[in-house]
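No lab work stands behind these numbers, since they all come straight from the coordinates. Predicted model, so just to flag it, every value in this text is computed and none were measured. Virtual Cβ from ideal backbone geometry, glycine too; neighbours counted across all protein chains shown.
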Amino acid sequence: TSFSPSLHVAVLSSLGGLISTVMNNVGALALLMPVAIQSSVEAKRSPAVVLMPLAFGTILGGMVTLIGTPPNIIVAHYRAEVTGEPFGMFDFTPVGGIMALVGILFVALVGWRLIPIARRS
């Protein structure tokens, strides 16, 4: 079954973003790489079309929660030392969620097309 590259990228990037909200970005990427490669082979397209967007999706998803990416934890620790009040688990969600949504939409609709054609074939 073949489906559009935009849909393929959107689904994998969104899934990567969702998983990386509750685990490390690199772990989420490693977890989904075999799925991305296998689904690319089945769709008869180069894995390069989905692997870089998947990486971006996991990075963007990590911005949504406190534990999604190490810099969020560092900032929360610093804030706790300076003000006595750390960030909560979902304090990053309003801004991080919007950034993740916009970023994943961009990657799904435009970004994957910027991958060099030699890599896409």
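Against the main long axis of the alpha-carbon atoms of the chain, helix 93-109 sits at an angle near 10°. Among PHE56, PHE3, a tally of other beta-carbon atoms within 10 Å of each Cβ gives an order, fewest to most, of PHE3, PHE56. Look at VAL49, VAL26, VAL41, VAL107 and count the other Cβ atoms within 10 Å of each Cβ; fewest to most, that gives VAL41, VAL26, VAL49, VAL107. Expressed in Å, the radius of gyration and Dmax of the Cα atoms of the chain are 16.0, 55. Once the Cα atoms are used to define both axes, helix 48-62 deviates from the longest principal axis of the chain by about 10 degrees.
Annotation: the residues HIS77, HIS8, sorted from fewest to most other C-beta atoms within 10 Å of their own C-beta, follow the order HIS77, HIS8. Once R0 is set to 25 Å, what does the formula 1/(1 + (r/R0)^6) return for the Cβ-Cβ distance between MET99 and LYS44, expressed as a FRET efficiency to the nearest 0.05? For MET99 and LYS44, the calculated efficiency is 0.15. Per the Kirkwood treatment, what hydrodynamic radius in Å, one decimal, follows for the stretch 62-105 from the mean inverse distance over all distinct Cα pairs? Mean inverse Cα-Cα distance, inverted, gives 10.6 Å.
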